[in-house]
């Protein structure tokens, strides 16, 4: 599952909408994870840019679990993984 993948690459994750969008525009990202329970209006920007830039975009069910997979104690609506 996607949460395990995020946990395995914690040192290369970028957490949050603004940071994810910036890193995507800079060409630093290999894939993106979006929580289904996050505000769709906000996450739409990330999914649209991912499609435009041909970056794989994965959906997970919970922003709380996504945040926990990143090692933080709050939810994360979007998480990006930097190129390895």
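The values are calculated or read from the model by the stated rules, or taken from the named source; none is laboratory data. If you're wondering where the values come from, they're calculated on a predicted model, not measured in any experiment. Here Cβ is always computed from backbone atoms with ideal geometry, including for glycine, and neighbour counts include all displayed protein chains.
State all residues of the stretch 24-61 that are part of a strand (DSSP E or B) and under 10 Å from the mean Cα position of the chain (by Cα); if no residue qualifies, say none. Residues satisfying the conditions are 29, 31, 32, 33, 34, 35, 57, 58, 59, 60. Cβ separations smaller than 8 Å between residues 6+ apart or across chains give the following pairs from the stretch 36-57 residues that are touching a residue at least 40 places away in the same chain (Cβ under 8 Å) to residues that are in a helix (DSSP H, G or I) and surrounded by 15 or more Cβ atoms within 10 Å (Cβ to Cβ): 38/63.
Checked against the criterion of being farther than 14 Å from residue 14 by Cα, modelled with pLDDT of 95 or more and in a helix (DSSP H, G or I), the candidates 73, 64 yield just one match: 64.
Of note, residue 79 satisfies the criterion of being at pLDDT 95 or above, assigned to a strand (DSSP E or B) and in contact with a helix residue (DSSP H, G or I) (Cβ under 9 Å, 6 or more places away or on another chain).
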